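Contents: one structure, followed by commentary.
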């Protein structure tokens, strides 16, 4: 699926996870949910997130060329989803904290920096994990499926609908996710849509 679809699905899954846990819907939940939705495609050198992470296209291309990694293989497994939730999200959280700390130092610990940190909020780990897992679930709808149980050579794939990447059925799926979320909670759907567009534009412009 396209990056836009995975971002929407990731942010939506993160919002649902936060609601299920009775956690507040914070920017951390939505942003890390959207990024989690993109993360499994780091195994593809042309994926949106890969192209904007230093050296990631080279690493992904070399890994595929050497046969170490294949697209929708290990990074699309539940085992890596657990590892990512445990290790990656805390690293991203520390990165945000360091950026805000640097801003605070640069601006003499301005009150608005502390306000930004409070606004960012918690729940990022749950959001990232939900977003990551959403990618694995959405990709069973594509034409090839995903290797959920890597290293086992079993690929999860639904025979219907088999949605080719970038086609109108994928667009229907993306908007269907937002419509379904809106039917449950319109304000949450609005925040997810706004966050997803911001994430897409932010990563693409990085």
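Relative contact order for the chain: 34 percent, from Cα pairs under 8 Å spaced at least 6 residues apart, divided by residue count. Relative to the longest principal axis of the Cα atoms of the chain, the long axis of helix 3-20 lies at roughly 60 degrees. When the chain is treated as a GNM with alpha-carbon contacts under 10 Å, the residue of 42, 190, 141 showing the greatest mean-square fluctuation is 190. Legend: Rg and Dmax of the chain, from Cα coordinates, 17.3, 58 Å.
Highest-first packing order for the peptide set 71-79, 8-16 is 8-16, 71-79, based on the mean count of other beta carbon atoms within 10 Å.
Largest GNM mean-square fluctuation across 33, 127, 166, computed for the chain with C-alpha springs under 10 Å, falls on 166. Secondary-structure-derived ellipticity at 222 nm for the chain, considering helices only, amounts to -20000 deg cm²/dmol, per-run term -39500 (n - 2.57) for DSSP H runs with n ≥ 4. Picking from 65, 135, 157, which is most flexible by a Gaussian network model of the chain using Cα springs under 10 Å? Comparing 65, 135, 157 in the GNM, the peak value goes to 65.
With the simple spin-label model, which puts each label point 7 Å out from Cα in the Cβ direction, the residue 201 to residue 20 separation comes to 3.1 nm.
Compared with the dominant principal axis of the Cα atoms in the chain, helix 168-184 is inclined by about 50°. Arranged from fewest to most other beta-carbon atoms within 10 Å of their beta carbon, 23, 43 become 23, 43.
Once the Cα-Cα distance is subtracted from the 0.36 nm per residue extended length, the residue 190 to residue 83 segment shows a gain of 35.5 nm.
If one takes the longest principal axis of the Cα atoms in the chain, at what angle in degrees, from 0 to 90 and to the nearest 10, does the Cα axis of helix 27-38 lie? Helix 27-38 sits at roughly 20 degrees to that axis.
The numbers here are math on the coordinates, done by the rules we state, and not lab data. Just so we're clear, the structure is a prediction, and the values are computed from it rather than from any experiment. Here the Cβ is made from the backbone with ideal geometry for all residues, glycine too, and neighbour counts use every protein chain on show.
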